[in-house]
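Have a look at the structure below, then the notes.
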Amino acid sequence: KNEVEQSPQNLTAQEGEFITINCSYSVGISALHWLQQHPGGGIVSLFMLSSGKKKHGRLIATINIQEKHSSLHITASHPRDSAVYICAVPPETSGSRLTFGEGTQLTVNP
Amino acid sequence: DGGITQSPKYLFRKEGQNVTLSCEQNLNHDAMYWYRQDPGQGLRLIYYSQIVNDFQKGDIAEGYSVSREKKESFPLTVTSAQKNPTAFYLCASSLGRGASYEQYFGPGTRLTVT
């Protein structure tokens, strides 16, 4: 079993829909990262959170440390949101190393 | 602008040749990382360095080597010993050594070995 599991693997939505991507992890962590990878390959850090909820524009990330689960929500989705969304965690015993999920490929159609 | 640069974006090599991928950052970050990405798989850590002149193996270090002679530079050499070198390589850096520091990624280098 992977230490970090994301669902779904692939997601197709219509413009304007509310989107949820889930991340479950099996290790103790101090924080969780959400990353976005564009078709060209570049990766951007969206959020780093250790509790509760964070919001940036149309993006919202939540985490439940007790349940070892995090969600990334996109409100009013747009075709430019099409990308791979990656969840990553630093296991407490790993120092500065991150363990990555396999990513969720999101496609938003106009 | 501050950031991480990787060059080149695309690299082609013949089997049996060593190749060095460049990674430079002007963010004054202490820690730097090299990751490999293969289709359908999550990023995997090759090597990381938390301070100049020091680096540690990641999960898939075999067939790779690195150096960290300067704070801003962390080149990765893919040697002929790496059995499946064709992949997308990403460099990242973070301000501090702890896992709770945000990592900043470069644009990546796509290496094809034939």
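Under a 1.4 Å probe, what is the accessible area of segment A:1-70 per residue, stated in Å²?
53
Amide H to amide H under 5 Å from residue B:21: which residues, 5+ apart in sequence or cross-chain, H placed 1.01 Å off N in plane?
Long-range HN contacts for residue B:21: B:76, B:77, B:78.
List the residues whose amide H sits under 5 Å from the amide H of residue A:82, counting only those 5 or more places along or on another chain, with H placed 1.01 Å from N in the peptide plane.
A:108
Mind listing, in residue-number order, the residues in segment B:59-103 that have at least 30 Å² less accessible area with every protein chain present than in their own chain alone (1.4 Å probe)?
B:99, B:100, B:102, B:103
Can you grab the distance from the C-alpha centre of segment B:1-58 to the C-alpha centre of segment A:22-44, Å, no decimals?
If you average the Cα positions of each part, the centres end up 18 Å apart.
Would you mind telling me which residue in B:58, B:96, B:42 has the biggest mean-square fluctuation in a Gaussian network model of chain B, where springs connect alpha carbons within a distance under 10 angstrom?
Taking springs between Cα atoms under 10 Å, the residue moving most is B:42.
Considering chain A, what Rg and Dmax in Å follow from its alpha-carbon atoms?
Reported Rg and Dmax, both Å: 13.4, 44.
Mind listing the phi-derived Karplus ³J(HN,Hα) values for segment A:78-88, rounded to whole Hz, using 6.51, -1.76 and 1.60 with θ = phi - 60°, and x for any glycine or proline?
9, x, 6, 7, 4, 5, 9, 10, 10, 9, 9
Carbon-plus-sulfur fraction of the accessible area of segment A:50-106, 1.4 Å probe, in percent?
On the way: 1280 of 2610 Å².
Exposed carbon and sulfur together represent 49 percent of the surface.
Long-range amide H contacts for residue B:58: which residues qualify at under 5 Å (H placed 1.01 Å from N, peptide plane, sequence gap of 5 or more or a different chain)?
Sorted by chain and number, the residues that satisfy this are B:47, B:48.
Would you mind estimating how fast the protein assembly as shown diffuses translationally, via Stokes-Einstein at 20 °C and 1.002 mPa s with the Kirkwood radius over Cα pairs, in µm²/s?
Details: Rh = 18.0 Å.
The diffusion coefficient I find is 119 µm²/s.
About the Cα centre of chain B, how large is the charge dipole given +1 on each Lys and Arg Cβ and -1 on each Asp and Glu Cβ? Please answer in debye to the nearest 20.
On the way: 12 positive and 11 negative charges, 63 e Å.
So the dipole magnitude of chain B works out to roughly 300 debye.
Ignoring ligands, DNA and RNA, how much accessible area is buried between chains B and A, both sides summed, with a 1.4 Å probe, to the nearest 100 Å²? Could you put the intermediate results ahead of the total?
Details: alone 6410 and 5960 Å², together 10670 Å².
Using a 1.4 Å probe, the pair buries roughly 1700 Å².
If Rh is defined by the Kirkwood formula over all Cα pairs and Rg also comes from Cα, what ratio Rg/Rh do you get for segment B:1-93? Write down the numbers at each step before the final one.
On the way: Rg = 12.7 Å, Rh = 13.4 Å.
With Rh from the inverse mean 1/r over Cα pairs, Rg/Rh is 0.95.
At a 1.4 Å probe radius, which order do B:78, B:52 fall into by accessible area, largest first?
So, going from the largest accessible area down, we get B:52, B:78.
Take the solvent-accessible surface of the protein heavy atoms, probe 1.4 Å, and return the percent of it on chain B that carbon and sulfur atoms account for.
Numbers: 2620 of 5580 Å².
In chain B, the share of accessible area belonging to carbon and sulfur is 47 percent.
Compute the accessible area per residue over chain B, keeping the other protein chains in place, probe 1.4 Å, unit Å². Before the final figure, lay out each step's value.
On the way: 5580 Å² over 114 residues.
About 49 Å² of surface per residue is accessible.
The values are calculated or read from the model by the stated rules, or taken from the named source; none is laboratory data. The shown structure was predicted, so the numbers you read here are calculated from the model rather than taken from an experiment. Ideal geometry is used to build each Cβ from the backbone, glycine not excepted, and the neighbour counts take in all protein chains shown. Heads up: the accessible areas ignore ligands, DNA and RNA and are worked out on the full protein's heavy atoms, side chains in. Shrake-Rupley method; radii C 1.70, N 1.55, O 1.52, S 1.80 Å.
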